[in-house]
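Okay, structure first, notes after.
Taken together, the values in this text are just the output of simple stated rules run on the coordinates, not laboratory data. Everything numeric in this text was worked out from a predicted model, so none of it was measured. Using ideal geometry, Cβ is built from the backbone for each residue, glycine included, and neighbour counts are taken over all protein chains shown.
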Amino acid sequence: MAPKATRLVNRSQKIGFPVPYSLWLTFDPLSEGRLREEIALCRQELARADFTPPHFAPHVTLIGDISLPLEHVEALVPQFSGALPCTVTATDLGTSPAYFMALFLAVDLPDAVNALRARIAEDIHGPGYRVDPSHASLAYGHFPDADKAALADAIRLRLRGQSFVLQSIGIVHSAKSIPVEEWRVVRSRTSPDPTSGIEPEGPI
């Protein structure tokens, strides 16, 4: 018999709820501050090329575009919160044609966390669905490859091999279909205790 959470996910998918949520891992204050500085530097450099990427908070997306009621998304949180806090290493700087992975920091989430997110994402989105490689984006958008490469080379020298601490798991009102400026943190949890409360948050 499938676990209860899986049955809820599959049933809700068939009902066709809107797609307002993502599950994010967010950083401790020191790591977040460092990454916010890098995101700001990217925006400054790209502004010189007449392109200004949207502002967003540093995070690692576990699962995005979740078409479930909030209470069902909340039920997924304890499955991940036991892995926190978690220290990850920046393994490389990557670029991509995809808007939300234009420039990103690849990070080494534990294998068990990656396996869990892949399994739950398939439960939500259907068999064969593949999650993106674990990463923290530094810039969103469609801008010239030359600008991406120059930024990636500079940031790679600063950040590759550096460690960052993931501290919290958040439920975020976000999706590819929602403008970035409208993204909002709905709930956040720092404790690995599955009985602890999930606190309401606010703007990112």
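Quick notes on this structure:
- HN-Hα J in Hz across the stretch 68-85 - Karplus 6.51, -1.76, 1.60, θ = phi - 60°, x for Gly and Pro: 9, x, 4, 5, 6, 5, 4, 5, 7, 4, x, 5, 9, 5, x, 7, 9, x
- Sorted by Cβ density within 10 Å, fewest first, the residues Lys176, Lys148: Lys176, Lys148
- Relative packing of peptides 125-136, 69-80, 162-173 - highest average C-beta neighbours within 10 Å first: 162-173, 69-80, 125-136
- Ratio of Rg to Rh for the stretch 18-189: 0.95 [Cα atoms; Kirkwood radius as inverse mean 1/r over pairs].
- Mean separation of Cα pairs under 8 Å and 6 or more residues apart, divided by the residue count, gives the stretch 18-189 a relative contact order of 36 percent.
- Here the extension length gained between Gln44 and Leu157 equals 38.9 nm, from 0.36 nm per residue of separation less the Cα-Cα distance.
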